[in-house]
Amino acid sequence: WTSVMKYNPIKLDATNRKPDDKLWDRPFEGHDATEALQQAIDSGATTVYLPYGSYLLRKPIILRKNIQVIQGCGSILMAAKDVPDGVLFRYEGSSAQAVFIDRLSCIGRIEHAAPKDLVILHCRWLGYQNAAPANGAALGKLFADDLCGWPWLFKEPQQAWLRSLNIESDQLKFDNTAASVWVLGYKTEGDGTEGRIGPKASLEVLGGQFYCGRAPPLPMFTVEEGGRLSCTVTLFWSKEVLLQETRGGATKTVTVGKGTRVVDLLVAGAEKPKR
């Protein structure tokens, strides 16, 4: 194990803090851990931990070498405003079979670009995106449990298993264009569409609650030609289009009637996601 504090992160104060270094509407109080955290990972340690506090990153940190666990200890880790896509970590692969990211409040995204697996546990506010590994290998699997945050972007083929996922946003929450994703317990709030399923993608949701209340015509899910969706959830305060689906070049919608409380929806013609 090694601590990021061993590598002397820069304490931020009024003399060295940039105007955009803000945590919501207040000046960021904590450390610039950009160089320190990369050095800790490159030290060869298998576990790097961030003692409870607030840390700022001015560029993405590459997960590589021997890293197996990033232990956040409940800390806040924030990407600076000018970091592209707000990427905090880019996982490119390490000597471990899988990397674990645990107990972080992440204001930014995690990018998975490794042929090995990634496990995310007990984190909040984070976003996720995948990317093709540099060597052309297949992308590793994703396992995640007890999370909140957005957006979740699956742009590359991948298998992903998510449990206890909470997304609250007025924008598109879950954009899956290429992966096979299973969610056990998916809770949402906000007016944004819950998910988009692209032509080569599938999504299966078993259990959850959608608290939306948006007015038509914005759909809960959009399923493009070739995409597959299976979803069993409860709806709260819902007055909306459940599904907009394209099959055989024709687009149709399925709506929920006034007073509907529980919906078990099976769309004719839609294929069940393949396991």
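Some observations on this one:
- Contact order relative to length of the range 1-107, as percent, for alpha carbon pairs under 8 angstrom and 6 or more apart: 25 percent
- Residues of the chain were split at every exposed loop site, defined as GluC sites (Glu not before Pro) in a DSSP loop with at most 16 other C-beta atoms within 10 angstrom, and the longest piece left, sites excluded, is 30-224.
- Loop sites in the range 64-118: trypsin sites (Lys or Arg not before Pro), DSSP, at most 13 other Cβ within 10 Å: 81
- Our estimate of slack between residue 170 and residue 232, defined as 0.36 nm per intervening residue step minus the Cα-Cα distance, is 20.1 nm.
- Within the chain, DSSP assigns beta bridges of which about 15% are antiparallel (rounded to the nearest 5).
- Net dipole in debye of the range 33-118 [+1 Lys, Arg Cβ; -1 Asp, Glu Cβ; about Cα centre; nearest 20]: 60 debye
- Residue list for the range 26-55, given a label point 7 angstrom along the Cα-to-Cβ vector of residue 11 and an amide N cut-off under 14 Å: 29-32, 54
- GNM result for the chain, Cα springs below 10 Å: residue of 249, 53, 127 fluctuating most strongly: 249
- In this Cβ point-charge picture (+1 for Lys and Arg, -1 for Asp and Glu), the chain has a dipole of about 300 debye about its Cα centre.
- Average projection, convex hull of the Cα set of the chain: 15.2 square nanometres.
- Percent carbon-and-sulfur accessible area, the range 72-123, ignoring ligands, DNA and RNA, probe 1.4 Å: 51 percent
The values are calculated or read from the model by the stated rules, or taken from the named source; none is laboratory data. This is a predicted model, so every value here is computed, not measured. We place every Cβ from the backbone using ideal geometry, glycine too, and count neighbours over all the protein chains shown. Heavy atoms of the whole protein, side chains included, go into the accessibility calculation; ligands, DNA and RNA do not. Shrake-Rupley method; radii C 1.70, N 1.55, O 1.52, S 1.80 Å.
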